[in-house]
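First comes the structure, then the notes that go with it.
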Amino acid sequence: MGEIYNNICNATAKGEKLLAVLIDPDKFILENTERFIEKVNCSKANFILVGGSTVDDNATDALVKELKMHTSLPVIIFPGDITQITDRADALLFLSLISGRNPEYLIGKHVQSVSKIRATKLELISTGYILIENGKETAVQRITGTTPMPRTQVQNIIDTAKAGELLGMKLIYLEAGSGALHPITPEIIQGVKQELNIPLIVGGGIKSAKQLEEAYGSGADIVVIGTAFEEDERFFDELLK
Ligand code: 1GP
């Protein structure tokens, strides 16, 4: 077990809640890194996730290089594609889109990525990624050509998450999509958490301290927030250490 995953499991076992700030290299202005990261460093964030659905080649590598100069927080790649894999990061969420039925995103891209991963020292964390409909089409849906799971099909979502765990995945990520209109509901989070023996990540559309607490209270072990910080850095001030 790698160090980052070990730390996540230890925190989860103690009931400690973790926060990840998501930075999309495609939307982020590299010159702003130092100022932005200063805010991240002072906030409750435990990790930085880097990734996006459509990112220019080398943009992820350049961003991670810059981030590492300004923070000691672990940087984890949350890849939309193979081009986003960079050895400058600490870990990589090795995602399988188990809500969808597109073989490319279940196993195809993974096979293609192995030669690149083999040349890195990245800690790999196998993650079952579950996209849930949130009221509008998301980039993940468009790019992967998969259908998100309906929010009303709670048992199906729970069974999908459990199947991911039974396949050996180390984390389950419930995703409403970047800028989601509706974050994942407490009912879904509670149902999935009750079934799982592995840590649970929840993200998409969380824009307030209240929604963050609601996700934690429902059973999320890690919450991912991107858009709310991108749109207004004052949100960091609400989430000081
Ligand atoms: C998206 O879950 C993440 O992949 C974060 O979503 O940008 O809406 O916070 P937001």
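The values are calculated or read from the model by the stated rules, or taken from the named source; none is laboratory data. Predicted, not measured: the structure shown is a model, and the values here were computed from it. Here Cβ is always computed from backbone atoms with ideal geometry, including for glycine, and neighbour counts include all displayed protein chains. In case anyone asks, the SASA skips ligands and DNA or RNA and just uses the protein heavy atoms, side chains included. Shrake-Rupley method; radii C 1.70, N 1.55, O 1.52, S 1.80 Å.
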**OP:** Per residue of segment 213-228, in order, report the coupling 6.51 cos²θ - 1.76 cosθ + 1.60 (Karplus, θ = phi - 60°) as ³J(HN,Hα) in whole Hz, putting x for Gly and Pro.
**Re:** 5, 5, 5, 4, x, 7, x, 5, 8, 10, 10, 10, 10, x, 4, 4
**OP:** Please give the per residue accessible area of segment 88-176, computed with a probe of 1.4 Å over protein heavy atoms only, in Å².
**Re:** 47 Å²
Subject >> DSSP-defined beta bridges in the chain - what % are antiparallel, rounded to 5 >> reply: 5 percent
Subject >> Ranked packing of 213-223, 227-237, most packed first, by mean Cβ within 10 Å >> reply: 213-223, 227-237
Original post:
For segment 1-58, what % of the accessible area comes from carbon and sulfur atoms, probe 1.4 Å?
Top reply: 44 percent
Original post:
With the dipole of segment 3-231 worked out from charges on the C-beta (+1 for Lys and Arg, -1 for Asp and Glu) around the Cα centre, which of Ile85, Tyr129, Ala228 lies farthest toward the positive end?
Top reply: Tyr129
Original post:
What number, rounded to the nearest 500 deg cm²/dmol, is the helix-based mean residue ellipticity at 222 nm of the chain, given -39500 (n - 2.57) per DSSP H run of at least four residues and division by all its residues?
Top reply: -10500 deg cm²/dmol
**OP:** Find the Rg to Rh ratio for segment 50-89, where Rh is the Kirkwood radius over alpha-carbon pairs and Rg uses the same atoms.
**Re:** 0.94
Original post:
Given segment 54-123, what whole percent of its Cα pairs are spread farther than 15 Å?
Top reply: 55 percent
Original post:
Under a 5 Å amide H to amide H cut-off, with H placed in plane at 1.01 Å, what residues pair with Leu95 once short-range neighbours are removed?
Top reply: Thr127
Original post:
Cα-based Rg (one decimal) and Dmax (whole number) for segment 179-237, in Å?
Top reply: 11.7, 36
Subject >> Debye log10 I(q)/I(0) at q = 0.10, 0.16 Å⁻¹ for the chain, Cα point scatterers >> reply: -0.41, -1.19
Original post:
Just the Cα atoms of segment 14-135, one point each, no solvent: what log10 I(q)/I(0) does Debye give at q = 0.14, 0.16, 0.22, 0.23 Å⁻¹?
Top reply: -0.62, -0.80, -1.33, -1.40
Subject >> Projected label distance in nm at Arg101 and Glu213, using a 7 Å step from Cα toward the beta-carbon >> reply: 4.2 nm
Subject >> Filter on Lys65/Lys136; Lys116/Lys162; Lys39/Lys207; Lys44/Lys136; Lys27/Lys65 - keep pairs with C-alpha separation over 23 Å >> reply: Lys65/Lys136; Lys116/Lys162; Lys44/Lys136
Subject >> For Asn134, distant residues with modelled amide H under 5 Å away >> reply: none
Subject >> Extension gain from Asp87 to Arg142, taking 0.36 nm per residue of separation minus the Cα-Cα distance >> reply: 17.0 nm
Subject >> Extended-chain gain in nm, criterion 0.36 nm per residue less alpha-carbon gap, Leu166 and Thr54 >> reply: 37.3 nm
